[in-house]
Structure formats: structure tokens, C-alpha cells
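Trainee: Dropping a structure here in C-alpha cells format, bear with me for questions.
The values are calculated or read from the model by the stated rules, or taken from the named source; none is laboratory data. A quick note: this is a predicted structure, and the numbers were derived from the prediction, not measured. No Cβ is skipped: glycine too gets one built from the backbone with ideal geometry, and neighbour counts run over all protein chains shown. In case anyone asks, the SASA skips ligands and DNA or RNA and just uses the protein heavy atoms, side chains included. Shrake-Rupley method; radii C 1.70, N 1.55, O 1.52, S 1.80 Å.
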Amino acid sequence: RLQAQDKHFHEEAELELSHLRLRRFSGWAKVMFEASVGLLALTALCGFGIMAWNAAHADGMVIENFSVPPDMTQRGLSGEVMSNLLLDRLDKIINNGRSTTLAPTIAGTGSDDIRVEIPETGVSLGEVWRFLRRWMGHESRIGGEIYRTADGLAVSVRIGAANVAMFAGKDGDLDSLMQQAAEHVVEVIDGPRLSTYMSIQNPPRHAEARALLERILADTTSSPDLRARAMNDLGGSYARTGDAARALVIFRRAHVLYSDSAILTSNLLSSEDLWSHPEEALTLIPQVSRQFQSGTGIYRPEVLSAGRQRLRATKARLLGDYDEEAQADENGADIGGAESRALARAKVAGALAKQHDSDGTRNRLKNLQPPATPYEAAVRTVMRVHVAAALKDWSAVPADEA
């Protein structure tokens, strides 16, 4: 009896221990489930916070679908197709490769079409994202209509709710009308960028570009940053077409008004240097150096890198350190825009000449591509004069340039 009772107690203890183990596992499972739910809720809250923060800082342009006539839709020219056509034109103008500032973002309405639905609401994440961007963001929403007229077609483009422009033409002028609409959009949102695009067309549209920049400067509502960019681009436009005297006047006036613009001050330094004003150029070097080191956020990184190398080369040349000048120009020949790289390659020859490296100088001159702009041609001519003086060989300056 005692043995049976002992066996019963032993079995009862094992069952109790097993039950306690199960309860402990169930407790841990409950804790893990509650922690997972809490972590999921925290993740969702953080995700919504990040979405709200991004929405509050959203800028750039969003292209909405156009309204088009039924016959165009039947030919495959739907509202989505026309909005994509406008988007392509805008991208070509904005990302033109020569602008010094960062390009605004451009997107179609389909880019934020997130189709995951929030449970028990019937609302998708894409709809929430669009609502937050409209409510908290600073995006320019571009839309429009294409409709029939007595003479053909008209394209109406809207920027937000206030700015509306209409362009009319024949049926065969649709591409031209969309180009005009795209240029109008960029003029309203970022006028200096449109002026840069106009100046690199073939043939260049310098008169239109300058008129646009003058309108920006005449507009009292233009922001200081926009006016500084407009004056900088206006000076650059005259410099590129050979009127370096007017460019210098504009850069000097702009520097008095907007002395905190790194690119503007750098261009003034280059202009003073081009006119053989070494004292004025040297006084600007510390200021330009500080501005480039601060790394102002509106400029493209490669533009700042090229500017730093150009500053390094200019300072070295003005101080007579021609080996340092050659190294800086060599580095500058690999960064920046096409014009900046071409000028740096040309200036390497001048630095080598001042070191009396006649063979290296002549090889450099021989391998230079023809100048792409009057400004580049003017700088290259000045460089050839310096080369000729350093080598005491005026055959380095062709007769037409002399």
C-alpha cells in the first residue's frame, strides 16, 4: 500500500510539474504575442511618422493625367500618355546638364500608387500618401486639358489652382504645343533653369534667355536666392557670347547684392582674373574658399567639386605656384560639366608653359578640341597668349586668334 501510494504521489508530482511547465510556456507565448503586437503597432506608428515627415518635406512637381478629346483617346493618345509626354519634356529641360543647382524632382501620379489597403478601412496606403502630400507638402501639381478649337488644338496647362496658360495651334503642332507648355511650367517654377536650357539649344536662344532673366530681376516678388541665380546666369550668358566686359559689370553688381552666393562669387573671381585684375581676384579667394567649404545645399556636388579645383588652380597661378596650378587643372579636367572640363584641360597647357615645359605644352595644345562657346574661345586665346609669353614663341597663338 505504501509503495502504491508513493507511486501515486510520484505520478501526481510529474503531472503537476508538466502542468506548470505548460503554463510557463503559455505565459511566455502570451508575452511574445503581446510584444509582437506592440512592436507591430510601434512600427506602424513610426512608419506613419516617417510618411508624414516625408510628406511635409515633399516638393518638386507631380504631373497629373490630362483631359483629352475622345478621338485622341481612340488613337492611343490618352490622358496618361499626354501627361507622360509633358513629363519627358520637363525632364529634358530641367536635367539639362549645365545648371549649377540641384534639379527639382518630377513624378507622374502613378509613382505613388501604393495598392496595399489598410484593413477594415477600404483606403489604400497610396491614397493616404497622396492625401498627406497634398495637405502637408509643397509640391507643384501640374495638370491640364487638350481640346478642339475651330483652327485645330489647344493645350491648357495648370500649375496648382492659380496659374493657367493656353497654347493653340494646328493638329500637327501637338509636339510643339506640349514643348511650349513644358517651358511655361519650368519658367514659373524655376526660371533660371529654363534660361540655361535655352542657352544650350542649337541654335542658342540667348535673347529669350536674357529676357526671361530680366523678367525675374524685375519681379519684386522674386526671392533673394532666385534673383542671385538670375544675375549669375545673366552674367554667364554675356560671358559665353563674348561680352566679357558686361559680364564683369553684372557679376560685380550681383556680388554687392548677394555676396553669400558661392557660385556667383566664384564667377566674379574668374571674371576679374580674366581681365587681369590679380589684386581684386586675390581678395575674393578667402571668401570663395569659405563658401565652398560650407557646401551650400542648393548646388550640385560635381559643380562644387569643380569650383574648388578651379579656385585651387587660380590661387596657385596668382601666387606663382605653377606646379600646383597644373595639378589642380588636371584634377578639374575630370569633374564638373563639359565646359568646365574643357577649360581645365586648356589651362593645363598654360601651367606647363609657365614651368617651361615646351614639349608638354605643345602636346596639350595639339590635343585640345575646338572651343564650344565664345567664352571658351576667349579664355583659350588668353591662355595661348600666356603660353606664347612663357615660351617666347608667338606661333602658339594662331593668326585668327591673334
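Trainee: Relative to the Cα centre, what is the charge dipole magnitude of the stretch 135-277, using +1 at the beta carbon of each Lys and Arg, -1 at the beta carbon of each Asp and Glu, and rounding to the nearest 20 debye?
Mentor: 220 debye
Trainee: Quick one: Cα centre-to-centre distance for the stretch 195-218 and the stretch 222-289, in angstrom?
Mentor: A separation of 18 Å, based on Cα centres.
Trainee: Report the FRET efficiency, 1/(1 + (r/R0)^6), for residue 10 and residue 50, where r is their Cβ-Cβ distance and R0 is 60 Å, rounded to 0.05.
Mentor: E between residue 10 and residue 50, to the nearest 0.05, is 0.50.
Trainee: Still on this structure, please answer the following. Grab every C-alpha pair in the stretch 172-291, bin the distances at 5 angstrom width from 0 up to the longest one, and report whole percents.
Mentor: Pair shares across the bins are 2, 12, 20, 21, 17, 12, 8, 4, 2, 1, 1, 0.
Trainee: Using 7 Å Cα-to-Cβ label points, what is the residue 276/residue 388 separation (nm, one decimal)?
Mentor: 1.3 nm
Trainee: Could you derive backbone 3J(HN,Hα) for the stretch 301-308 from the dihedral phi with the Karplus parameters 6.51, -1.76 and 1.60 (θ = phi - 60°), listing whole Hz in sequence and x where the residue is Gly or Pro?
Mentor: x, 5, 5, 5, 5, 5, x, 5
Trainee: Next question, about the same structure. Please name whichever of 218, 201, 238 sits farthest to the positive end of the charge dipole of the stretch 149-270, dipole taken about the Cα centre and charges placed at Cβ: Lys and Arg +1, Asp and Glu -1.
Mentor: 238
Trainee: Using a Cα-Cα cut-off of under 18 Å, which lysines could be cross-linked to residue 347, ignoring same-chain neighbours fewer than 8 residues away?
Mentor: By straight Cα distance, residue 347 reaches 315, 366, 392.
Trainee: Top to bottom by accessible area (1.4 Å), largest first, where do 354, 315 land?
Mentor: 315, 354
Trainee: Assuming R0 = 60 Å, what is the FRET efficiency of residue 91 and residue 20, from their Cβ-Cβ distance, to the nearest 0.05?
Mentor: The pair residue 91/residue 20 has a calculated efficiency of 0.30.
Trainee: For the residue pair residue 324 and residue 43, what label-to-label distance in nm results when each label sits 7 Å from Cα along the Cα-to-beta-carbon direction?
Mentor: A separation of 5.6 nm, rounded to one decimal place.
Trainee: I need the phi-derived Karplus couplings for the stretch 144-154: 6.51 cos²θ - 1.76 cosθ + 1.60, θ = phi - 60°, integer Hz, Gly and Pro marked x.
Mentor: Once rounded to whole Hz, the list reads x, 9, 10, 9, 7, 10, 5, 9, x, 10, 9.
Trainee: Taking amide H atoms as placed 1.01 Å from N in the peptide plane, list the residues 5 or more away in sequence, or in a different chain, whose amide H sits under 5 Å from that of residue 153.
Mentor: Sorted by chain and number, the residues that satisfy this are 169, 170, 171.
Trainee: Determine the order of 322, 299 by accessible area, beginning with the largest, at a probe radius of 1.4 Å.
Mentor: 322, 299
Trainee: Just to verify a number: what accessible area does residue 343 come out at with the full protein assembly present, 1.4 Å probe, Å² rounded to tens?
Mentor: Near enough 20 Å² of accessible area.
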